[in-house]
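S.K.: Structure incoming, see below.
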Amino acid sequence: MKKALLLLFTAALLAPAQQTRTEELEQRRTAEGGKYPDDELNTVERAIDWAENRRVLERFSRGINGFRLVIGNLIPNAGFALGPEYYRDELRDGAVQFRVGARGSMRRSLLAEAELVFPKLARQKAYLEFYTRWRNLPTVPFYGLGPDSKKEQRTVFRLEDASYEVSAGARPLRNLRLGIVSGYLETNAGRGDDTRYASAETVFPFAAVPGLERQTNFLRGGLLASYDWRDYPGGAKKGGLYEIRLDHFEDRQWERYSHRRLTMEAQQYIPFANRRRVLALRAKSLLTYENPNQVVPFYMQPLLGGQNDMRGFRFGRFYGNNALVLNSEYRWEIFSGLDGALFYDAGKVFQKRGQLNFSNLEGSAGFGFRVNARNSTFLRLDVGFSHEGFQIWFSFNDVFGGSGGVAQSLYTSRYRQ
């Protein structure tokens, strides 16, 4: 298996240096009067060309009369997840959007959510959103706190929560977005349910892991400022995103876990070769500020590892009070609807904010493929390598726009795009 992956990686490294298949076909299409000659298409290209012409992926994502199947979007180690969803975005000519759905996974993770959105208030300069979500995740991984945790100490815990949020925002300029969110969060961390690993409370002492013995509920609020000039947020080829947000979590039961979280992110996309090749860059930091004599519970700390940040490490491999991650990705169009990618990820978690620097970073590198539809990444395969081995990830989102994001927490406030 490792030899096969290394061969694929070598092939991916050599591919960008050559004329892409798409460029060859474009030249042939021009010569043939605007059509791809059938004899120039291999089996995979024929399949993608057939799917594109019949808008298969678009129809799947849109569903029938609002009803559709949603794949994934639970935590990565929950296993394959699937569930029904009802979604309408054209009510009152797009002035009202409604979505409700549920999903379950092969490892018994469950999610139910609903949202009601008014995206075009004040002549499309403002929006209002109501959102609620319930989750039961019995296999959340935990390796201990800090950058020195050991992968051999992997445990699991159950996370149950219910979230109720109201968010509002304004778009005073074309690419500028200002937002505010408020809500209530109920949490419970309990015994994990995975026969392969011990439950966290049987390995780690309560005194060493805040929130392991006693959980609480939070009153929450947040502010956001974002400047987004990406051409396509779900699969950008040009532009950038620069965002800062501040979230506050107030412990309503024990007065022990109140804290604030500052998230800063920058993304930049540099196209060349007629936008068939793109250099994608991202830097993101997540810093927490505890109230006096209080701590951040472990299940609300930033974490690193997984398909959206450090792709050579398992999901949730590192927990800490703070996190930093840097990503670079070179993408090229193999043929229409399919891109290749080479990437390098670097990052770390750290307990003190003064350790925000570029020393002692963990690193991972790898390659991947992206299937695109409607200017967004519909399906993504990444193979990441690190000193802890390699990981293979299948995802249904763009790497920089994944649910929970990079340098993520299990709790990230929602702000309307």
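S.K.: Looking at the range 284-299, which of the residues that are under 18 Å from the mean Cα position of the chain (by Cα) and either without any contact (Cβ under 8 Å) to a residue 40 or more places away in the chain or crowded, with 24+ Cβ neighbours inside 10 Å (or both) is farthest from Asn357 (Cα to Cα)? Talk me through it step by step, then tell me what you get.
M.R.: Of all residues in the range 284-299, those under 18 Å from the mean Cα position of the chain (by Cα) come to 284-286, 299.
From what is left, the residues that are either without any contact (Cβ under 8 Å) to a residue 40 or more places away in the chain or crowded, with 24+ Cβ neighbours inside 10 Å (or both) are 286, 299.
Numbers: Leu286: 13, Tyr299: 24 Å.
That would be Tyr299.
S.K.: Scan the range 79-111 residue by residue and report those that are over 18 Å from Gly63 (Cβ atoms), in a loop (DSSP other than H, G, I, E, B) and of a type outside the set (Asp, Glu).
M.R.: Gly79, Phe80, Arg92, Ala95, Met106, Arg107, Arg108, Ser109 - these are the residues of the range 79-111 that are over 18 Å from Gly63 (Cβ atoms), in a loop (DSSP other than H, G, I, E, B) and of a type outside the set (Asp, Glu).
S.K.: Hey, another quick one. Name the single residue, out of those in the range 380-414 being modelled with pLDDT of 80 or more and polar (S, T, N, Q), that is farthest from Asn217 (Cα to Cα).
M.R.: Among those residues, the one meeting the criterion is Ser386.
S.K.: Exactly one condition in (1) surrounded by fewer than 19 Cβ atoms within 10 Å (Cβ to Cβ); (2) in contact with a Gly (Cβ under 9 Å, 6 or more places away or on another chain); (3) at pLDDT below 95 is false for Thr377; which is it?
M.R.: (1)
S.K.: A further question on this structure: Out of the residues in the range 213-227 meeting the condition of being closer than 19 Å to Asn291 by Cα and not charged (D, E, K, R), tell me which one is surrounded by the most Cβ atoms within 10 Å (Cβ to Cβ). Can you show your working first?
M.R.: Our first condition is that a residue be closer than 19 Å to Asn291 by Cα; within the range 213-227, this holds for 214-223.
Now drop any that are not not charged (D, E, K, R), which leaves 215-219, 221-223.
Numbers: Gln215: 20, Thr216: 20, Asn217: 19, Phe218: 25, Leu219: 14, Gly221: 17, Gly222: 23, Leu223: 15.
Across the range 213-227, the extreme among qualifying residues is Phe218.
S.K.: Of the residues Ala189, Ala114, Ala122, which is surrounded by fewer than 19 Cβ atoms within 10 Å (Cβ to Cβ), touching a residue at least 12 places away in the same chain (Cβ under 8 Å) and outside any helix (DSSP H, G or I)? Give the steps one after another, and end with the answer.
M.R.: Details: Ala189 fails: surrounded by fewer than 19 Cβ atoms within 10 Å (Cβ to Cβ); Ala122 fails: outside any helix (DSSP H, G or I).
Being surrounded by fewer than 19 Cβ atoms within 10 Å (Cβ to Cβ), touching a residue at least 12 places away in the same chain (Cβ under 8 Å) and outside any helix (DSSP H, G or I) holds for just one of Ala189, Ala114, Ala122, which is Ala114.
S.K.: In the range 340-354, how many residues are modelled with pLDDT of 95 or more and either within 16 Å of Thr263 (Cα to Cα) or of a type outside the set (Phe, Trp, Tyr) (or both)?
M.R.: Result for the range 340-354: 9.
S.K.: Among the candidates Glu160, Glu201, Glu165, single out the residue that is surrounded by 15 or more Cβ atoms within 10 Å (Cβ to Cβ), in a helix (DSSP H, G or I) and in contact (Cβ under 8 Å) with a residue 24 or more places away in the chain. Let's see the steps before the verdict.
M.R.: Values: Glu160 fails: in a helix (DSSP H, G or I); Glu165 fails: in a helix (DSSP H, G or I).
Sole residue among the options that is surrounded by 15 or more Cβ atoms within 10 Å (Cβ to Cβ), in a helix (DSSP H, G or I) and in contact (Cβ under 8 Å) with a residue 24 or more places away in the chain: Glu201.
S.K.: Do the conditions hold for Trp332, that is, is it at pLDDT 90 or above, under 24 Å from Arg230 (Cα atoms) and either assigned to a loop (DSSP other than H, G, I, E, B) or touching a Pro at 6+ places or on another chain (Cβ under 8 Å) (or both)? Spell out how you get there, then give the answer.
M.R.: Values: at pLDDT 90 or above: yes; under 24 Å from Arg230 (Cα atoms): yes; either assigned to a loop (DSSP other than H, G, I, E, B) or touching a Pro at 6+ places or on another chain (Cβ under 8 Å) (or both): yes.
Criteria met by Trp332.
S.K.: Just checking, how many residues over the range 213-248 are of a type in the set (Lys, Arg) and farther than 30 Å from Leu159 by Cα? Even if it seems obvious, please write down each step before you answer.
M.R.: As a first pass, look at the range 213-248 and keep what is of a type in the set (Lys, Arg): 214, 220, 230, 237-238, 245.
Filter again for farther than 30 Å from Leu159 by Cα, leaving 230, 237-238.
Summing the residues that are of a type in the set (Lys, Arg) and farther than 30 Å from Leu159 by Cα in the range 213-248 gives 3.
S.K.: Would you check which residues across the range 228-255 are at negative phi, in a loop (DSSP other than H, G, I, E, B), charged (D, E, K, R) and surrounded by fewer than 19 Cβ atoms within 10 Å (Cβ to Cβ) and list them?
M.R.: Within the range 228-255, Asp231, Lys238, Arg252 qualify.
S.K.: Let me ask something else about it. Can you tell me how many residues within the range 254-296 are of a type in the set (A, V, I, L, M, F, W, C), touching a strand residue (DSSP E or B) at 6+ places or on another chain (Cβ under 6 Å) and under 30 Å from Phe335 (Cα atoms)? Let's see the steps before the verdict.
M.R.: So in the range 254-296, the residues of a type in the set (A, V, I, L, M, F, W, C) come out as 254, 262, 264, 266, 270, 272-273, 278-281, 283, 286-287, 295-296.
Then drop every residue that is not touching a strand residue (DSSP E or B) at 6+ places or on another chain (Cβ under 6 Å), which leaves 262, 264, 266, 270, 278-281, 283, 286-287, 296.
Within this subset, residues satisfying the condition of being under 30 Å from Phe335 (Cα atoms) are 266, 270, 278-281, 283.
Within the range 254-296, residues that are of a type in the set (A, V, I, L, M, F, W, C), touching a strand residue (DSSP E or B) at 6+ places or on another chain (Cβ under 6 Å) and under 30 Å from Phe335 (Cα atoms) number 7.
S.K.: So Glu129 ticks every box in (1) surrounded by fewer than 19 Cβ atoms within 10 Å (Cβ to Cβ); (2) acidic (Asp, Glu); (3) assigned to a strand (DSSP E or B) but one. Which box is left unticked?
M.R.: (1)
The values are calculated or read from the model by the stated rules, or taken from the named source; none is laboratory data. The structure presented is a predicted model; accordingly, all values stated were derived computationally and were not measured. Neighbour counts run over all protein chains shown; Cβ positions are idealised from the backbone, glycine included.
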